[in-house]
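See structure below.
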Amino acid sequence: MGFNEGVWELAKRIPKGRVTTYKILAGKLRTKAYRAVGNALNRNPHGFLCSGKVPCHRVVKSTGEVGGFAHRTKKKIKMLKKEGIKIRKNKIEDFENVLFRF
DNA sequence: TCGAATGACAGCG
DNA sequence: CGCTGTCATTCGA
C-alpha cells in the first residue's frame, strides 16, 4: 500500500454522514505531509475527481472548515449537507460530532 | 498573522 | 535525468 492508496483506503472507510480530516489521514499514514493527502485525493487515479470510490468530499480541514473544497468543489459540500452534515459558511457546525475517528 | 515543512506530480532545462 | 514550483494543510514563533 503506497501513500495515495492508503489515503483512499482510509477515505473509503468513512461512513455516510461522517467526515474526517487530512491530519487524521496523514497520521494514519505515518506522514506529516498533510497537504500530500489532499494532493493525493486531488490527483485521484480513479478519475478526474474522487467520484464514487473515494469520498474526498468527506475529507476536510482539521479546523472544521471544508478548505479548498469550498472554492472549486463547493458543490460537493452540498452533498455533505444532503448526507446530514451541517455546513455553515464553509465551516462544519457539528464538526466534532460528525468527525469520524478510526 | 505569516512562513516553513512535507509527499507527489507536471513542466522545463 | 534532475530540479523547481504548486497544491484541497498544519504547526510554530
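Below are the figures for this structure:
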| quantity | calculated |
| --- | --- |
| Per-region count, region A:36-82, residues modelled with pLDDT of 90 or more, near DNA strand C (Cβ under 7 Å from one of its atoms) and surrounded by fewer than 13 Cβ atoms within 10 Å (Cβ to Cβ) | 1 |
| Residue within region A:12-26 that is more than 11 Å from the chain's Cα centre (by Cα), assigned to a helix (DSSP H, G or I), modelled with pLDDT of 80 or more and within 8 Å of DNA strand C (Cβ to nearest atom) present | yes |
| Candidate set: region A:1-12, residues that are within 22 Å of A:Ile85 (Cα to Cα) and not aromatic (Phe, Trp, Tyr); chosen: the one surrounded by the fewest Cβ atoms within 10 Å (Cβ to Cβ) | A:Lys12 |
| In region A:13-34, residue surrounded by the most Cβ atoms within 10 Å (Cβ to Cβ) [restricted to those that are over 22 Å from A:Ile87 (Cβ atoms) and in contact (Cβ under 8 Å) with a residue 24 or more places away in the chain] | A:Leu29 |
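The values are calculated or read from the model by the stated rules, or taken from the named source; none is laboratory data. Please read these numbers as outputs of a predicted model, since none were measured by experiment. Neighbour counts are summed over all protein chains in view; Cβ atoms, including those assigned to glycine, are modelled from backbone coordinates with ideal geometry.
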